[in-house]
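**Q** Have a look at this one before I ask anything.
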Amino acid sequence: MRQETLLTIRSLVRDGLVELGDLLGEGGRFVVWNTPPDESIQRIYDLYATHFDDQLWWPWECWLNLTEKGEKIALT
């Protein structure tokens, strides 16, 4: 299941449907990671797959944000 999740995220990023990043500040402003896609996916792997049992921590360390293209597809 973890591998399928990572493959799905990779596909969404590759197709330009989501961006990967962090939520910062009190308002939770989304900030895109300024790293190549493969490096970003590796970061998710490191956070998610290797710390899967610590579910109070890893779900808050990476965020997906719909791109304009992703939003258009989601609305159809």
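**Q** Restricting to segment 57-76, name every residue that is more than 18 Å from Thr5 (Cβ to Cβ) and out of contact with any Leu (no Cβ under 8 Å at 6 or more places or on another chain). Can you show your working first?
**A** Initial filter on segment 57-76 (more than 18 Å from Thr5 (Cβ to Cβ)): 67-69, 71-76.
Glu68, Glu71, Lys72, Leu75, Thr76 - these are the residues of segment 57-76 that are more than 18 Å from Thr5 (Cβ to Cβ) and out of contact with any Leu (no Cβ under 8 Å at 6 or more places or on another chain).
**Q** Moving on. Examine segment 40-58 for a residue that is in contact with a helix residue (DSSP H, G or I) (Cβ under 9 Å, 6 or more places away or on another chain), at pLDDT 90 or above and in a strand (DSSP E or B), and state whether such a residue exists.
**A** no
**Q** Let me ask you something else. Restricted to segment 17-38, and to residues that are in a loop (DSSP other than H, G, I, E, B) and more than 12 Å from the chain's Cα centre (by Cα), which residue is surrounded by the fewest Cβ atoms within 10 Å (Cβ to Cβ)? So that I can check it myself, show each step before the final result.
**A** At the first step, the residues of segment 17-38 found to be in a loop (DSSP other than H, G, I, E, B) are 17, 25-28, 33-36.
Of the ones still in play, those that are also more than 12 Å from the chain's Cα centre (by Cα) are 25-28, 34-36.
Values: Gly25: 7, Glu26: 5, Gly27: 7, Gly28: 9, Asn34: 8, Thr35: 13, Pro36: 9.
My answer is Glu26.
The values are calculated or read from the model by the stated rules, or taken from the named source; none is laboratory data. Quick caveat, the model's predicted, so the values are computed rather than measured. Using ideal geometry, Cβ is built from the backbone for each residue, glycine included, and neighbour counts are taken over all protein chains shown.
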